[in-house]
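**Q** Shown below is the structure under consideration.
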Amino acid sequence: MEKSYKELMNDITTFIFDVDGVLTDSSVHITPTGEMLRTMNIRDGFAMKAAIESGYNVCIITGGNNDGVRIRLKNLGIMDIYLASSDKVATFKEYTELHNIKPENVLYMGDDIPDYHVMQLVALSSCPQDASPEIKAISKYISHVNGGKGAVRDVIEQVMKVQGKWHMYYDGKHD
């Protein structure tokens, strides 16, 4: 019998996220100079930082390439940031081999076709509520929240609660 997504959450040590459509709402604001601006959810940022402080690996694999995104993620403490990834499966394999991470310990959240093949390699494929139908069809967990609106917070919080690690963030016992 296949494990439920809650059972799979027990084994998660690593979170991998796409950016556009997951950490953002898929909107891009273009300035007169051609710069593309994105909006990220502050609660997603808090959750990623909490995950890192709790000993989880957090990695970003995205086809986008924006210095503002890199700076924001580094400021949260994320060191494994792969921008401009044209082959997310190859990037995933490089990252997991480099850090000796097993696919059965990985949760990947994506939202669209470029995430499809890498999502098939991990234990817990997940997506925001507004992901493409193809991604929803292969996701073991579909957040009740849209991309850029707290879907990342939702999935991190659930994993940390299942593993008994979330409580330290609301009872004041974290460093």
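**Q** Taking the condition modelled with pLDDT of 95 or more, in contact with a helix residue (DSSP H, G or I) (Cβ under 7 Å, 6 or more places away or on another chain), surrounded by fewer than 19 Cβ atoms within 10 Å (Cβ to Cβ) and under 17 Å from Ser125 (Cα atoms), does Val89 pass?
**A** In short, yes.
**Q** With respect to Val106, determine if the residue is touching a residue at least 24 places away in the same chain (Cβ under 8 Å) and out of contact with any Asp or Glu (no Cβ under 8 Å at 6 or more places or on another chain).
**A** When the stated conditions are applied, Val106 passes them.
**Q** Related question: Looking at region 1-50, which of its residues are among the β-branched types (Val, Ile, Thr) and crowded, with 19+ Cβ neighbours inside 10 Å?
**A** Scanning region 1-50 gives Ile12, Thr14, Ile16, Val19, Val22, Thr24.
**Q** Go through region 94-137 and report how many residues are assigned to a strand (DSSP E or B) and closer than 22 Å to Gly64 by Cβ.
**A** Matching residues across region 94-137 total 7.
**Q** Here's another thing I want to ask about it. Pairs under 7 Å by beta carbon, first residue surrounded by fewer than 24 Cβ atoms within 10 Å (Cβ to Cβ) in region 110-127, partner outside any helix (DSSP H, G or I) and acidic (Asp, Glu), six or more apart or different chains?
**A** Qualifying pairs under 7 Å: Ala123/Asp11.
**Q** Moving to a separate point now. Anything in region 54-86 that is crowded, with 17+ Cβ neighbours inside 10 Å, in a helix (DSSP H, G or I) and among the β-branched types (Val, Ile, Thr)? List them, or say none.
**A** Residue satisfying the conditions is Val69 alone.
**Q** Could you check how many residues of region 8-47 are among the acidic types (Asp, Glu) and modelled with pLDDT under 90?
**A** Selection size over region 8-47: 1.
**Q** Sticking with this one: Residue by residue through region 10-53, note down the ones that are out of contact with any strand residue (DSSP E or B) (no Cβ under 7 Å at 6 or more places or on another chain), over 14 Å from Pro128 (Cα atoms) and not in a loop (DSSP other than H, G, I, E, B).
**A** Ile42, Arg43, Gly45, Phe46, Ala47, Lys49, Ala50, Glu53, listed by residue number.
**Q** Hey, can you tell me all the residues within region 128-157 that are in contact with a Leu (Cβ under 8 Å, 6 or more places away or on another chain) and buried (at least 24 other Cβ atoms within 10 Å of the Cβ)?
**A** The answer is Gly147, Gly148, Val152, Val155.
The values are calculated or read from the model by the stated rules, or taken from the named source; none is laboratory data. Everything numeric here is computed off the predicted structure, so don't read it as measured data. Ideal geometry is used to build each Cβ from the backbone, glycine not excepted, and the neighbour counts take in all protein chains shown.
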